[in-house]
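What follows draws every value from the coordinates through simple rules; no lab data is involved. Just so you know, these numbers come straight off a predicted model, no measurement behind them. Don't worry about glycine lacking a Cβ; one is built from the backbone with ideal geometry, like all the others, and counts go over all protein chains shown.
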Amino acid sequence: MQSSTAHQIASVLTEALPYIQRFKNKTVVVKYGGNAMVDEELKHSFARDIVLMKLVGLNPIVVHGGGPQIGQLLGRLGKTTGFVDGMRITDSETMDVVEMVLGGLVNKEIVTLINRHGGKAIGLTGKDGDFIRARKIHLKKSAVDADASEIIDLGHVGEVSSIDASVVDMLGRSDFIPVIAPIGVGDDGYSYNINADLVAGKIAEVLKAEKLMLLTNTAGILNKQGELLTGLTVHDIDKLIADGTISGGMIPKTKCAVDAINGGVNSVHIIDGRVEHAVLLELFTDQGVGTLLLSRAR
Ligand SMILES: Nc1ncnc2c1ncn2[C@@H]1O[C@H](COP(=O)(O)OP(=O)(O)O)[C@@H](O)[C@H]1O
Ligand SMILES: CC(=O)N[C@@H](CCC(=O)OP(=O)(O)O)C(=O)O
């Protein structure tokens with residue numbers, strides 16, 4: 001090995017050391033969005049990062065999405081879906097597909113990848129041990145259209161009503177890495193399709209996680225010029241939404257982030273899942289790679 005390369009490796013490891021010490025035994029909830037699962041090499045690098053986190057003493061909990069993957073299977077079945085406010089309208093047939101894709105294909109693919117890299121991942125949906133209870137979302141049309149006040153029926157779309165953290169906590173504190181699909185169970189016994197950011201935020205809150213990391217398909221939160229905003233507080237988010245800087249799918253994501261911080265999570269990181277080893281770089285290097293959101297400026 002060239003001595004300059006050896007020197008670089010040594011300095012990376014030394015830079016990581018204080019972070020490893022600080023985060024030992026701390027819970028980190030990582031939301032892995034469907035848009036971040038774009039290529040095979042990236043999926044492997046994500047799985048390696050999660051295994052490494054566990055090996056150095058952190059307690060990673062993965063919550064995954066899979067919106068594009070649900071769309072692909074629906075397309076193959078000749079079924080179309082619509083979205084309202086970023087939420088998929090989910091009739092009973094669509095709910096079957098959501099369960100097959102999230103609870104089956106995507107969940108087991110992530111579990112398999114983590115296990116192939118030496119971890120011990122266990123896949124769960126919120127129906128296992130009834131640990132994610134959901135209630136149906138009743139969306140007021142007035143939220144979409146200022147002149148109307150009817151309720152829009154999104155079908156089997158839910159929000160989290162409660163989380164029983166004991167199963168995830170027990171797994172996370174042993175050798176296992178929980179991998180969670182965002183499906184909840186209602187009091188009526190039906191399955192509910194829940195936005196994965198919402199589930200990740202609530203799990204982080206209930207577990208009093210040190211960090212919530214949201215992996216998406218952008219460098220982080222960008223300003224109107226397209227530049228990365230590296231450090232923000234919860235107060236900045238309201239302003240950025242009000243002035244239109246944050247829009248579309250970033251609105252529910254940042255709202256979950258703010259709820260998580262207000263609920264006791266120390267920091268939220270919105271990072272680019274398309275960058276190899278984004279999770280490790282954000283956790284263990286001084287400069288990080290995305291947007292860091294805190295309750296107040298340091
Ligand atoms: N200020 C902003 N900074 C970054 N992305 C933004 C911003 N405002 C809107 N977006 C959009 O939000 C998207 C991320 O949300 P979403 O597509 O729901 O992510 P995911 O599928 O990973 O949950 C980005 O790809 C971008 O198009
Ligand atoms: C209600 C609702 O819209 N649920 C989402 C659940 C998956 C998800 O959130 O996936 P991403 O994180 O990849 O977007 C959906 O059906 O697409």
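Using a Gaussian network for the chain with springs between C-alpha atoms less than 10 Å apart, which of these wobbles most: 111, 199, 56?
Fluctuation is largest for 56.
Can you work out ³J(HN,Hα) from phi for every residue in segment 114-130, in order, using Karplus 6.51 cos²θ - 1.76 cosθ + 1.60 and θ = phi - 60°, giving whole Hz and x for Gly and Pro?
After applying 6.51 cos²θ - 1.76 cosθ + 1.60, I find 4, 5, 4, 9, x, x, 10, 8, 10, x, 9, 10, x, 7, 6, x, 6 Hz.
How many Å³ per residue does the convex hull of the Cα positions in segment 37-78 occupy? Before the final figure, lay out each step's value.
Values: hull volume 2.7 nm³, N = 42.
It is 64 Å³ per residue.
Grab segment 61-189 and count how many Lys pairs have their alpha-carbon atoms under 25 Å apart, sequence gap of 8 or more, or different chains.
Details: 79/108; 79/136; 79/141; 108/120; 108/127; 127/136.
Lysine pairs, 8 or more places apart or on different chains, close enough: 6.
Helix-derived [θ] at 222 nm for the chain: sum -39500 (n - 2.57) over DSSP H runs of at least 4, divide by residue count, nearest 500? Intermediate values should be presented prior to the final figure.
Numbers: 10 runs with 111 residues, N = 298.
One gets -11500 deg cm²/dmol as the mean residue ellipticity at 222 nm.
Hey, can you grab everything whose amide H is under 5 Å from the amide H of residue 61? Only 5+ residues off in sequence or another chain; H modelled, so Pro and N-termini drop out.
28, 29, 30
Have a look at segment 36-127 and give its Rg and Dmax from the Cα atoms, expressed in angstrom.
14.9, 46
Computed on alpha carbon atoms, what radius of gyration and Dmax characterise the chain, expressed in Å?
Radius of gyration, then largest Cα-Cα span, for the chain: 19.1, 69 Å.
Using the Karplus equation 6.51 cos²θ - 1.76 cosθ + 1.60 (θ = phi - 60°), what ³J(HN,Hα) coupling, rounded to whole Hz, does each residue of segment 30-40 give in order, writing x for Gly and Pro?
For segment 30-40, the Karplus curve yields 10, 9, 9, x, x, 6, 8, 8, 8, 9, 4 Hz.
Once Rh is set to the Kirkwood radius over Cα pairs, what Stokes-Einstein translational diffusion coefficient, in µm²/s, holds for segment 164-298 at a temperature of 10 °C and a viscosity of 1.306 mPa s?
On the way: Rh = 15.8 Å.
The estimated diffusion coefficient comes to 100 µm²/s.
If you take every residue apart from residue 79 with its C-beta less than 12 Å away from the C-beta of residue 79, what net charge results, scoring Lys and Arg +1 and Asp and Glu -1? Walk me through the numbers on the way to the answer.
Working: positive: 76, 88; negative: 91, 93, 96.
Here the charged neighbours net out to -1.
Counting only DSSP beta bridges with both residues in the chain, tell me the antiparallel percent, nearest 5. Can you show the working numbers first?
Details: 17 of 47 bridges.
So the antiparallel bridges amount to about 35 percent of the total.
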